[in-house]
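Below: one structure, written as structure tokens.
The values are calculated or read from the model by the stated rules, or taken from the named source; none is laboratory data. Keep in mind that what you see is a predicted model, and the values were worked out from it rather than measured. Every residue, glycine as well, gets a Cβ built from its backbone with ideal geometry; the counts of neighbours run over all protein chains shown. The area values use the complete protein model at the heavy-atom level, side chains included, leaving out ligands, DNA and RNA. Shrake-Rupley method; radii C 1.70, N 1.55, O 1.52, S 1.80 Å.
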Amino acid sequence: MHIDLDELITTPAPADLTGCSLAELRSVRDHYQDVENGLSYARRIVQGRLDTVAVELERRRDGAAADLLERLPDALAAHSRGPGLPRPMPDLEPPAWADELLAGADEALPPTALARLAELPDSDLDTAAGSLGDLERELSAARSELHRSIDRVQDELVGRYRSGATVDDLLR
């Protein structure tokens with residue numbers, strides 16, 4: 001991976017958020033939201049490749065006659081929604097750097113190899129699955145860390161609202 005995830009998710013937010021203006025808090029929150037959008041995009045792409053490889057390996061191990069394309073919709077739908085209430089998806093273009101996060105996925109399983117999974121030996125698919133799984137876990141861990149930072153800033157904003165800041169102040 002060419003992007004340093006630690007650097008990406010640790011935008012210098014002051015240790016004491018109480019000293020920040022609302023504009024500063026919103027700026028940090030907005031940056032974190034942008035980073036979260038990019039990480040989520042990359043994680044979804046990696047998870048899709050991982051699911052595709054897993055379906056092909058399962059198909060081979062089961063000796064099933066069903067084609068990969070017949071099995072894929074159910075497999076891809078399995079990770080389409082996390083626990084909890086659904087939240088509207090932001091209508092945002094992923095940041096340009098998000099594609100750099102996918103360099104590891106391209107090394108593990110290039111997009112051209114997806115079109116010919118049936119031709120790849122099991123050992124290559126097992127290796128790809130391991131690499132994609134590692135990358136997915138790394139991206140998920142980065143997202144979890146980032147969510148803690150977002151929550152910290154959001155808690156400060158909510159605290160300010162509860163202590164008297166007007167809605168107009170918070171929305172500016």
From largest accessible area down, sort 58, 107, 145, 36; use a 1.4 Å probe on the protein chains.
107, 58, 145, 36
Net charge within 9 Å of residue 104 by Cβ-Cβ distance, Lys/Arg positive one each and Asp/Glu negative one each, not counting residue 104 itself?
-4
